[in-house]
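Novice: Sharing a structure with you now.
The values are calculated or read from the model by the stated rules, or taken from the named source; none is laboratory data. The structure presented is a predicted model; accordingly, all values stated were derived computationally and were not measured. Cβ: placed from backbone, ideal geometry, glycine included. Neighbour counts: every protein chain shown. Note: areas computed on protein heavy atoms with side chains; ligands, DNA, RNA excluded. Shrake-Rupley method; radii C 1.70, N 1.55, O 1.52, S 1.80 Å.
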Amino acid sequence: MGEIVFTEKQEALVKESWEILKQDIPKYSLHFFSQILEIAPAAKDMFSFLRDTDEVPYNNPKLKAHAVKVFKMTCETAIQLREKGKVVVADTTLQYLGSVHLKSGVLDPHFEVVKEALVRTLKEGLGEKYNEEVEGAWSQAYDHLALAIKTEMKQEDSQKP
């Protein structure tokens, strides 16, 4: 697969936009999950904090934590791609993410849903600062992170007795 070219500018765009979203985590977490459910209503049952409710809970700690994790890990991935040309996630973290997503019944198309929700949330949060370059940088970082998680899931799945 070789080295991935992720530019300094792309890294800066991801970092800057994450700084903006960080200023209102409850709002953007809510937006993020609302988008996920708008795109894929059936995904509701995959999240413990959405399962028993008809609406996306505002300021729910688990929901916020999950949304922040997605954005933060994508942002960290952008930094790694720039510095090392590859995704560097600790094995333990990757194993944990792999098994959690596997247990929740996450499939490849679900990663695309989350990516679309992420892009829509960026659009919402950045307003006129949003452009194709920003979207491209986040998308590339997210795709590499998702690939690392999916690879781990496949590995774990194949090790099942």
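Novice: Looking only at segment 116-139, count how many residues are surrounded by fewer than 19 Cβ atoms within 10 Å (Cβ to Cβ) and in a helix (DSSP H, G or I).
Specialist: 14
Novice: Of all residues in segment 57-90, count the ones that are under 10 Å from residue 145 (Cα atoms), touching a residue at least 60 places away in the same chain (Cβ under 8 Å) and open to solvent by 50 Å² or more (accessible area, probe 1.4 Å).
Specialist: 1
Novice: Moving to a separate point now. Return yes when residue 151 is farther than 26 Å from residue 25 by Cα, open to solvent by 30 Å² or more (accessible area, probe 1.4 Å) and of a type in the set (Ser, Thr, Tyr) and no when it is not.
Specialist: Spelling it out, residue 151 is indeed farther than 26 Å from residue 25 by Cα, open to solvent by 30 Å² or more (accessible area, probe 1.4 Å) and of a type in the set (Ser, Thr, Tyr).
Novice: Something else: For segment 57-83, give me each residue that is assigned to a helix (DSSP H, G or I) and of a type outside the set (A, V, I, L, M, F, W, C).
Specialist: Residues satisfying the conditions are 61, 62, 64, 66, 69, 72, 74, 76, 77, 80, 82, 83.
Novice: Check residue 52 against each of (1) over 16 Å from the mean Cα position of the chain (by Cα); (2) under 13 Å from residue 121 (Cα atoms) and name the one condition it does not meet.
Specialist: It fails just one condition, (2).
Novice: Report every pair of residues separated by at least 6 positions or lying on different chains whose Cβ atoms are under 8 Å apart, first residue within segment 12-23 and in contact (Cβ under 8 Å) with a residue 12 or more places away in the chain and basic (Lys, Arg), second open to solvent by 30 Å² or more (accessible area, probe 1.4 Å) and part of a helix (DSSP H, G or I).
Specialist: Within 8 Å, the pairs are 15/79.
Novice: Got a number for residues in segment 7-56 being open to solvent by less than 40 Å² (accessible area, probe 1.4 Å), modelled with pLDDT of 90 or more and in a loop (DSSP other than H, G, I, E, B)?
Specialist: Residues flagged as open to solvent by less than 40 Å² (accessible area, probe 1.4 Å), modelled with pLDDT of 90 or more and in a loop (DSSP other than H, G, I, E, B) within segment 7-56 amount to 1.
Novice: Report, by residue number, each residue of segment 79-97 that is modelled with pLDDT of 85 or more and more than 20 Å from residue 13 (Cα to Cα).
Specialist: 95, 97
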